[in-house]
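Down below is the structure, laid out as structure tokens.
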Amino acid sequence: MKKGVMKLIGIKVKEYLDENGIKYSYLSEKIGMPMNTLSLLLNGKRKMSVEEYFVICEVLGLPVDTFEPNDEEMK
């Protein structure tokens, strides 16, 4: 993956949560991640690990390619 993809994915996860009315605190609790760490991920200020990403997708019941950036977003 290109550099910055995991940061962009964090931002896309945040957009999904906002659009679907899912509270960050709910996700934080379900994935076992402190709220401050999750906040950094969702704002693109901390790189998300692949393992963290898989757990987030699992908790949200989404396929792992849901938040994959398209070519336009990678520019």
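The values are calculated or read from the model by the stated rules, or taken from the named source; none is laboratory data. All figures in this text were calculated on a predicted structure; none of them were measured in a lab. All Cβ positions, glycine included, derive from the backbone under ideal geometry; neighbour counts span all protein chains shown. What goes into the accessible areas is simple: the full protein's heavy atoms, side chains included, and nothing from ligands, DNA or RNA. Shrake-Rupley method; radii C 1.70, N 1.55, O 1.52, S 1.80 Å.
Overview of values
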| item | result |
| --- | --- |
| Residue-count net charge about Glu52 - beta-carbon cut-off 15 Å; Lys, Arg +1, Asp, Glu -1 | +4 |
| Under 15 Å between alpha carbons - lysine pairs in the chain that sit 8 or more apart or on different chains | 14 |
| Residue-count net charge about Leu38 - beta-carbon cut-off 12 Å; Lys, Arg +1, Asp, Glu -1 | +3 |
| Burial order of peptide ranges 42-53, 15-26 (average beta-carbon count within 10 Å, highest first) | 42-53, 15-26 |
| Accessible area per residue, Å², the chain with all protein chains present, probe 1.4 Å | 66 |
| Net charge over other residues, Cβ less than 14 angstrom from the Cβ of Leu27 (K, R count +1; D, E count -1) | -2 |
| Percent accessible area from carbon and sulfur atoms, the chain, protein chains only, probe 1.4 Å | 51 |
